[in-house]
1. Which residue is surrounded by the most Cβ atoms within 10 Å (Cβ to Cβ), if the candidates are limited to the stretch 39-65 and must be in contact with a strand residue (DSSP E or B) (Cβ under 7 Å, 6 or more places away or on another chain) and among the basic types (Lys, Arg)?
2. Right, Phe89: on the phi < 0 side of the Ramachandran plot and in contact with a Ser or Thr (Cβ under 7 Å, 6 or more places away or on another chain) or not?
3. Can you name every residue in the stretch 85-120 that is modelled with pLDDT of 90 or more and of a type in the set (D, E, K, R)?
4. If I go through the stretch 33-74 residue by residue, how many of them are closer than 26 Å to Glu95 by Cα, of a type in the set (D, E, K, R) and under 19 Å from the mean Cα position of the chain (by Cα)?
5. Could you give every pair whose Cβ atoms fall below 7 Å, whose first residue belongs to the stretch 18-43 and is over 23 Å from Ala115 (Cα atoms) and part of a loop (DSSP other than H, G, I, E, B), and whose second residue is among the aliphatic types (A, V, I, L, M) and modelled with pLDDT of 70 or more, counting only separations of at least 6 or pairs across chains?
6. Do any residues in the stretch 84-97 that are over 15 Å from Val116 (Cβ atoms) and in contact (Cβ under 8 Å) with a residue 24 or more places away in the chain have Cβ atoms under 7 Å from those of residues that are hydrophobic (A, V, I, L, M, F, W, C) and in a loop (DSSP other than H, G, I, E, B), where the two are at least six apart or on different chains, and which pairs are they?
Amino acid sequence: MSSPRTSIRSERGKVHPVPTNTSDYEVVWPRSPRTAELTELAPRLASLEGKKVAFLWDYLFRGDEIFPILERELADRFPGIEFVPYSEFGSTHGEDEHEIIATMAARLRELGVDAVVSGMGC
């Protein structure tokens, strides 16, 4: 058995050392550990007819254009639907987001909201 090479010669004749590091390295998984347990999703509504729908927005990308279109189209399809505008909640992104998100469930219950459409910019 031959001994490991300690150098190699390039095509131009230059001698380069061969790394002799044979250390083992730990493999690091790029994901973080889970910090939240999965929960069961709420059951899907059979229809939006007669329901109250809240719009949430992070104020980043065209919600001011998209939500009026959604409201119009949903109102045409589902009689008696009501809407709670995104302005009722404030931006779901930014300096107040932690407070807004922390109080969101209680606020939705208080307003009698049945469903949410959440718009996020990319």
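The values are calculated or read from the model by the stated rules, or taken from the named source; none is laboratory data. No experiment lies behind these values; they were computed from the predicted model shown. Virtual Cβ from ideal backbone geometry, glycine too; neighbours counted across all protein chains shown.
1. It comes out as Lys51.
2. No, not satisfied.
3. The answer is Glu88, Glu99, Arg107, Arg109, Glu110, Asp114.
4. 3
5. Cβ pairs passing all conditions: Val18/Ile8.
6. That search, which allows pairs on different chains as well, returns His93/Leu60.
Results for (1) at negative phi; (2) of a type in the set (Asp, Glu), shown as yes or no for each residue.
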position: Pro30; (1), (2): yes, no
position: Glu40; (1), (2): yes, yes
position: Pro43; (1), (2): yes, no
position: Ala46; (1), (2): yes, no
position: Val53; (1), (2): yes, no
position: Arg62; (1), (2): no, no
position: Ile69; (1), (2): yes, no
position: Arg77; (1), (2): yes, no
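This table checks each residue for (1) touching a strand residue (DSSP E or B) at 6+ places or on another chain (Cβ under 7 Å); (2) farther than 16 Å from Leu45 by Cβ; (3) not hydrophobic (A, V, I, L, M, F, W, C).
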site: Phe67; (1), (2), (3): yes, yes, no
site: Asp76; (1), (2), (3): no, yes, yes
site: Glu82; (1), (2), (3): yes, no, yes
site: Gly90; (1), (2), (3): no, yes, yes
site: Asp96; (1), (2), (3): no, yes, yes
site: Thr103; (1), (2), (3): no, yes, yes
site: Val116; (1), (2), (3): yes, no, no
